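Below is one structure, written out as structure tokens; comments come after it.
The values are calculated or read from the model by the stated rules, or taken from the named source; none is laboratory data. Everything numeric here is computed off the predicted structure, so don't read it as measured data. Because the Cβ atoms are built from the backbone with ideal geometry, glycine has one as well, and the counts that use them run over all protein chains shown. These accessible areas exclude ligands, DNA and RNA; they are computed on the full protein's heavy atoms, side chains included. Shrake-Rupley method; radii C 1.70, N 1.55, O 1.52, S 1.80 Å.
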Amino acid sequence: MAEVAPSPQQTTQQSAPQTTLPQGLPFPYPLAFLRKHTLGDVVEKRDQAAGEKQELIDMWENESVEKALEKMNRHNITAIPVYHVLDDGRRKHYAMVTVRDIIGFAIFKPLFDHPVEENLSPEEKQKKEEKLMVDQAIFFQHTLADLIGITKESFEIHTFRRSDHLTKLINVFENGIHYAFIESSDGDYSTVISQSDVIRFLEPERDGELKDMCRLHVQSAMRHAIELRMFDDPNQCYRPTAGRKLKYAIRVDRDVDALQAYKTMHLQRLTSAAIVDTPENNHKLLASISKTDFKYVTRDTVSDLFQPVMDYLTKAQGGVVRSPLTVGKDATMGDVLAKCLEENVHGVWVVDPETGAPLGRVSLTDAMSCLVPSEGAREGQVHKLQEARGETVAREE
């Protein structure tokens, strides 16, 4: 998750810092178990459950943004491997373009500056509509190659072999990467593996090797919170035993336009935001807007981004805004994983059972971070915090 700076139009809600740190992870990481299993095991189990090998849905680097959005909608996916053609005619995959790359590329284009105002003269309105059509054509015909590097996921290539053990992949996934390539014997990429694939593979161990993680309180695993409980500066806020930063989630007023919500999400490197009611109604969680909802955007619907976010979601979600998936603040990570797998989603909102207000968001990325030590812990940053709190720190000689 990422920290949020309030925007002048909507805005992100933050509360005054408090002084209590959340508890760290009260169990050992299941590294020995994870090292017994390879990525090939995960892929094989996934394909067996589907009854067939998962098709590699990819696109040529010179295909358009418009075609990418169409393909993502048709296959119900949010990421597509991109390839270029070698001199000998073979395909070489070299990047993964996601919906977040399209959002980041789109939202600051002239097309999205502002809609056509109704109070213009007929001549002015026609002139602006003509310019809007030109801007639309330019945007939707941009190639996928233009999008590479917009986000961390497309900028860095994450390639693995089927023989690699799970810890190697999870060390990447716990840093917010959602997809990776599995390399075939000829050096190309035979398939894509996701966080969801890993969690489904591990699900039978909920009462076995992963029972400690599944019993973990969501507020100990959650890294994106509406209100931060911190020791000092939120940029230096680490869990006592995990070395992971706490960061802000965001909530957006229901009357904010969808484009502003997406701008805030992109700037804060988030994949979703909570849509909340008025202060009089305790900022009750009404809906959730995510990167997936951007797949609704086409030449015919792009102007809907200027509408209030609830109106936009009504159209993007097929006429009825979906109820947000939630868990209570006393839920466990086992509850979260069960809901994510059942609903085929990446995360859920943690809400106050009395007010219905969002407290934060917990996701499969958070689950990944409960399986392996973080970079912060490995580099000893947690020791610095423990010393600042007056705790005894055990160090290797």
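If Ile170 satisfies every condition in (1) open to solvent by 10 Å² or more (accessible area, probe 1.4 Å); (2) within 25 Å of Thr38 (Cβ to Cβ); (3) in a helix (DSSP H, G or I) but one, which is the exception?
For Ile170, the failing item is (1).
Looking only at region 48-95, which residues are open to solvent by 40 Å² or more (accessible area, probe 1.4 Å), farther than 28 Å from Ser272 by Cβ and in contact with a Lys or Arg (Cβ under 7 Å, 6 or more places away or on another chain)?
Passing the criteria: His84, Val85, Leu86.
The conditions are (1) at pLDDT 95 or above; (2) at positive phi, and Gly243 fails exactly one of them. Which is it?
(1)
When you check Leu39 against the structure, is it in contact (Cβ under 8 Å) with a residue 24 or more places away in the chain, touching a strand residue (DSSP E or B) at 6+ places or on another chain (Cβ under 8 Å), open to solvent by less than 40 Å² (accessible area, probe 1.4 Å) and under 24 Å from Ser154 (Cα atoms), yes or no?
Working: in contact (Cβ under 8 Å) with a residue 24 or more places away in the chain: yes; touching a strand residue (DSSP E or B) at 6+ places or on another chain (Cβ under 8 Å): yes; open to solvent by less than 40 Å² (accessible area, probe 1.4 Å): yes; under 24 Å from Ser154 (Cα atoms): yes.
When the stated conditions are applied, Leu39 passes them.
Could you please let me know if Leu202 is under 28 Å from Arg90 (Cα atoms) and in a helix (DSSP H, G or I)?
So Leu202 does not fit the description; no.
Looking at Gly356, is it in contact (Cβ under 8 Å) with a residue 12 or more places away in the chain, of a type outside the set (A, V, I, L, M) and either assigned to a loop (DSSP other than H, G, I, E, B) or closer than 30 Å to Arg299 by Cβ (or both)? Break it down stepwise before answering.
Numbers: in contact (Cβ under 8 Å) with a residue 12 or more places away in the chain: yes; of a type outside the set (A, V, I, L, M): yes; either assigned to a loop (DSSP other than H, G, I, E, B) or closer than 30 Å to Arg299 by Cβ (or both): yes.
So Gly356 fits the description; yes.
For region 84-91, state whether one or more residues are of a type in the set (A, V, I, L, M) and assigned to a loop (DSSP other than H, G, I, E, B). Even if it seems obvious, please write down each step before you answer.
Pass one, region 84-91, residues of a type in the set (A, V, I, L, M): 85-86.
In the following step, the residues that additionally are assigned to a loop (DSSP other than H, G, I, E, B) were identified as 86.
Yes - at least one qualifying residue is present in region 84-91.
Among what's in region 173-186 and is open to solvent by 20 Å² or more (accessible area, probe 1.4 Å) and either over 21 Å from the mean Cα position of the chain (by Cα) or free of Cβ contacts under 8 Å to residues at least 60 places away in the same chain (or both), pick the residue that is farthest from Lys36 (Cα to Cα).
Here the answer is Asp186.
Counting only residues that are assigned to a helix (DSSP H, G or I) and closer than 30 Å to Glu183 by Cα, which one in region 92-119 is farthest from the chain's Cα centre (by Cα)? First the steps, then the outcome.
Here is the first cut: in region 92-119, the residues assigned to a helix (DSSP H, G or I) are 99-106, 110-112.
Remaining after also requiring closer than 30 Å to Glu183 by Cα: 99-105.
On the way: Val99: 10, Arg100: 9, Asp101: 12, Ile102: 14, Ile103: 13, Gly104: 13, Phe105: 17 Å.
Among them, the one singled out is Phe105.
As an exercise: evaluate Thr271 against (1) open to solvent by 40 Å² or more (accessible area, probe 1.4 Å); (2) at pLDDT 85 or above and give the number of the one condition it does not meet.
Thr271 satisfies every listed condition except (1).
Within region 120-141, does at least one residue satisfy the condition of being part of a loop (DSSP other than H, G, I, E, B) and touching a helix residue (DSSP H, G or I) at 6+ places or on another chain (Cβ under 8 Å)?
Kept after step one, since they are part of a loop (DSSP other than H, G, I, E, B), are these residues of region 120-141: 120-121, 141.
The next check asks that each one be touching a helix residue (DSSP H, G or I) at 6+ places or on another chain (Cβ under 8 Å); those that pass are 120, 141.
Yes, region 120-141 has at least one match.
Taking interchain pairs and intrachain pairs at least six residues apart, which have beta carbon atoms under 7 angstrom, with the first residue in region 340-352 and over 12 Å from Ile226 (Cα atoms) and the second open to solvent by 50 Å² or more (accessible area, probe 1.4 Å) and assigned to a helix (DSSP H, G or I)?
Leu341/Arg200; Leu341/Glu203; Val348/Lys339
Name the single residue that is most open to solvent (accessible area, probe 1.4 Å) among those in region 188-212 being touching a residue at least 24 places away in the same chain (Cβ under 8 Å) and among the basic types (Lys, Arg).
That would be Arg200.
Out of the residues in region 359-397 that are acidic (Asp, Glu) and either at pLDDT below 90 or part of a loop (DSSP other than H, G, I, E, B) (or both), which is most open to solvent (accessible area, probe 1.4 Å)? Outline the logic, then answer.
Going residue by residue through region 359-397, those that are acidic (Asp, Glu) are 366, 375, 379, 387, 391, 396-397.
From what's left, either at pLDDT below 90 or part of a loop (DSSP other than H, G, I, E, B) (or both): 375, 379, 387, 391, 396-397.
Working: Glu375: 82, Glu379: 122, Glu387: 98, Glu391: 70, Glu396: 178, Glu397: 217 Å².
Per the criteria, the residue is Glu397.
Output the residue which, of all residues in region 211-226 that are assigned to a loop (DSSP other than H, G, I, E, B) and aliphatic (A, V, I, L, M), is nearest to Pro358 (Cα to Cα).
Ile226
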